[in-house]
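Working notes, structure below.
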Number of protein chains: 2
Amino acid sequence: MDGLIVDSRGARMLAGGSVVALPRRPADDLGVDERYARAALSRLVEPVDKSMVGLVERYGAVTVFADLRSGVLQHDRARHWRARLGRLDVEEDLRQAAELGGRLVCPGDAEWPPGVDDLGARRPLALWVRGRQSLTEVLAQSVAVVGSRAATSYGSHVGAELGAELCDRGWTVVSGAAYGIDACAHKGALAAGGRTVAVLACGVDVTYPAGHRALLERVAEEGAIVSELPPREAPMRGRFLVRNRLIAAMTRGTVVVEASPRSGALNTAGEAIALYRPVLAVPGPVTSAMSAGVHQLVRKGMAELVTNAAEVIEVVGRIGEDLAPEVRGPVRQHDRLGPDVARVLDAMPVRAVCEVEAIATRAGLAADTVLAGLETLVEQGWVEEVLGGWRRIKK
Amino acid sequence: MDGLIVDSRGARMLAGGSVVALPRRPADDLGVDERYARAALSRLVEPVDKSMVGLVERYGAVTVFADLRSGVLQHDRARHWRARLGRLDVEEDLRQAAELGGRLVCPGDAEWPPGVDDLGARRPLALWVRGRQSLTEVLAQSVAVVGSRAATSYGSHVGAELGAELCDRGWTVVSGAAYGIDACAHKGALAAGGRTVAVLACGVDVTYPAGHRALLERVAEEGAIVSELPPREAPMRGRFLVRNRLIAAMTRGTVVVEASPRSGALNTAGEAIALYRPVLAVPGPVTSAMSAGVHQLVRKGMAELVTNAAEVIEVVGRIGEDLAPEVRGPVRQHDRLGPDVARVLDAMPVRAVCEVEAIATRAGLAADTVLAGLETLVEQGWVEEVLGGWRRIKK
């Protein structure tokens, strides 16, 4: 065990009962730099590995990767991290990403999105990115729009409208490129000429779902495709759930459009809540299973009900700005009449000519009050005096 | 002004700046009793007349009616109250009501619904009732279901379902017998063999709307028709709004099914809130103008979102009882696997046979962990060992 320092305090802090043993070494010992090491570790380590994030935080990716590869690193998960060593080809990964107009973005890079650091020990080691624009810039004013794969035509419509309206107002729409709501949100954003970001549960070069090849190409052109998984990694079940935390962390809030009570979109909502990001819920018919999960979010006080993009922006936008206009019905002229005058009008038949006395008994008002009311109504064009009494004017 | 006592303190309290002058008289001076007097006043006074309610409260209906008729009563609204004296025929009103199986229910009667007293000075002078059962009993466990006249097919469906489900659970459904949601709620209740109460903005003998003749007959048979207006009074615009306060006051809570931002149903909701009764809101598509008012109720914190009758009863029912079952998706077997075992399963292709080594690199787990996981999966019937490796079993 020559050259190793067992840091028992660090071991307790970082690894929760496992043994951590790490060598002291210069950072460029193996000729690999931080980005190279993080690229490598992103292949070896399945996302959300708090032990690895802790080690990298403490010792740097270069040291951790070198010692993992050389066998010097002792940790009770190290044997799992070594399981994919045979698959490692960092040069090829970086070359392939570059070929797609991509790159590896690491903590400390100018375009590292600050939101993901809120994930703490669950933050990604690095992000593989396709797209020309700076990720920080694209995500600066962004909101997640997520929902069910098995979206209804209602949900699809609302998802697309919301995507478009958010982009119209200068917001970037972030989603997961899945079938259903995700796709509609991306498409709506693209149709509005806006920016949209797809966060994948597979490599940024993998077309998943296969039917979304064209959509993913357009997203990469107009916004960005992001993943913590390196090129060629396939989507696996567990990867969708951990991917959701990135969608929640990268954005200022998460809108759930349709979700059954078991939808992955509710998982994204839960991640947003854990990060103190607002969750917005778009209601739907109570007869639709696809809206049941959304309604539950509202009922549990986990989400605020929203009905349009303005209401979303009111929540995720800066305080005091972006106030949504209140939904109101038209103000009817009738409302502006005083109570007695309105009663006179109400007491008049729709077509027939009517005498003051008859109006008075119908309205339960004295004749002089009825006459005064009729005068007001004539002035305002509601009624006219005719032979034998008064009559309503059609409005 | 002989025989009058001007009670200036009462005048300030009751009539807000008007002059009140009332005689001291024995209650049976004119041979009319309290019920007769209230029947008469219900004809003379348009609903929600705080001055009249205050006078009746203070001096009794017999005295107030006698002095109003004789001209002794001095009050600045007295000339309005006298405008309908020519229409007065209390014997005929009571006879007509009785012919319809009806009666006048007054404060102090055993079947006077206690909830309406919460209206204070806005409470009715009396209630005209059709229906065989005791009003108190019918309304003891009751909930209002209201909504738009211009209901969509969605709203109509939900209104009827809710009416039926509430009745199934022993609740009386109260509504306003209007077209749209009101009618669907009544019909749903009747279809479930339950009790339902229609509160009208016209006399209990008036068929309004005309198309609801058969519905109103059935409501009178199975529950009750209620109005503070005497027989033959026609519905007028202002009467619908004041009617709504009775619906809110008679029930333990108000459910709004569909409402445009100007719907009268929102007025009923406002009355319920003013009475500290819960308001429940059934969401709908955000693309529907008929749900916009309902969504606003939720957004303003005025109503709780509900999706079914059980959730309604959870709110209006007694505390601690009537808890609605939480809406959940099915628990999938997959969720019960540990995290490493689930990762092993995820890493296996759907059809192909797979070796431990390949699973290990796909899963990012050491071979021994993969083998242990496969053992668990074989035990639980997820995979089987075959020539050349392991394979998923179709589930």
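Angle of helix A:34-44 to the longest C-alpha principal axis of chain A, folded into 0 to 90 degrees and rounded to 10: 80°.
With label points set 7 Å from Cα along Cα→Cβ, the inter-copy distances at A:Ala274 are 4.8 nm, sorted shortest first. Calculated FRET efficiency, A:Leu371 and B:Met302, Cβ-Cβ r, R0 35 Å, to nearest 0.05? Step by step, r from the Cβ atoms, then E = 0.30.
Pick from B:Arg130, B:Arg262, B:Arg35: which residue has the top mean-square fluctuation in a GNM of chain B where Cα pairs under 10 Å get a spring? Of B:Arg130, B:Arg262, B:Arg35, the Gaussian network model singles out B:Arg262 as fluctuating most.
Rounded to the nearest 10 degrees, the inclination of helix A:181-191 to the longest alpha-carbon principal axis of chain A is 80 degrees. Projected over all directions and averaged, the alpha-carbon convex hull of segment B:114-316 occupies 9.7 nm².
Around the amide H of B:Trp128, modelled in the peptide plane, lie the amide H atoms of B:Val105, B:Ser227, B:Glu228, B:Leu229, all under 5 Å away and 5 or more residues distant in sequence or on another chain. The residue of chain B whose Cβ sits closest to the rotation axis that maps B onto A, together with that distance in whole Å, is B:Pro283, 2. The mean sequence distance of close C-alpha pairs (under 8 Å, at least 6 residues apart), as a share of the length of chain A, puts its relative contact order at 11 percent.
Across peptide A:308-314, the average count of Cβ atoms from other chains found within 10 Å of a residue's Cβ is 1. Between A:Gly188, A:Gly101, A:Gly176, the residue with the greatest mean-square fluctuation in the GNM of chain A (Cα pairs under 10 Å linked by springs) is A:Gly101. Counted residue by residue at 0.36 nm each, then reduced by the alpha carbon distance between them, the extension gain from B:Ala234 to B:Arg351 reaches 34.7 nm.
Backbone phi angles across segment A:85-96, fed through the Karplus curve with coefficients 6.51, -1.76 and 1.60 (θ = phi - 60°), yield HN-Hα couplings of 4, x, 8, 6, 8, 4, 4, 5, 4, 5, 5, 5 Hz in residue order; Gly and Pro are listed as x. Residues whose amide H falls under 5 Å from that of B:Val255, counting only those 5 or more places apart or on a different chain, are B:Ala144, B:Val145, B:Val146, B:Leu280, with hydrogens built in the peptide plane. Here is how far apart the A:Leu371 label points are across copies: 10.9 nm, shortest first, using a point 7 Å from Cα toward Cβ. Overall dimensions of segment B:94-207, expressed as equivalent-ellipsoid semi-axes from the Cα gyration tensor (√(5λ), whole Å, largest first), are 25, 15, 14.
The C-alpha atoms of chain B define a longest principal axis, and helix B:367-379 lies at about 60 degrees to it. What the Cα convex hull of chain A gives, in volume per residue, is 188 Å³.
Counting beta carbons within 10 Å around each of B:Val350, A:Val48 and listing the fewest first gives the order B:Val350, A:Val48.
Arranged from fewest to most other beta-carbon atoms within 10 Å of their beta carbon, B:His157, A:His295 become B:His157, A:His295. Within the protein assembly as shown, the proportion of Cα pairs with more than 39 Å between them is 53 percent. A point 7 Å from Cα along Cα→Cβ stands in for B:Leu241, and the other copies hold the same point at 5.5 nm, listed in rising order. With chain A treated as a Gaussian network of Cα nodes joined by springs under 10 Å, which of A:Arg69, A:Arg149, A:Arg277 yields the largest mean-square fluctuation? Largest GNM mean-square fluctuation: A:Arg69.
Only the coordinates and a few stated rules stand behind these numbers; no lab work does. Since the structure is predicted, the reported quantities are computational estimates derived from the model, not experimental observations. A quick note on method: Cβ atoms are made from the backbone with ideal geometry, for glycine too, and the neighbour counts reach across all protein chains shown.
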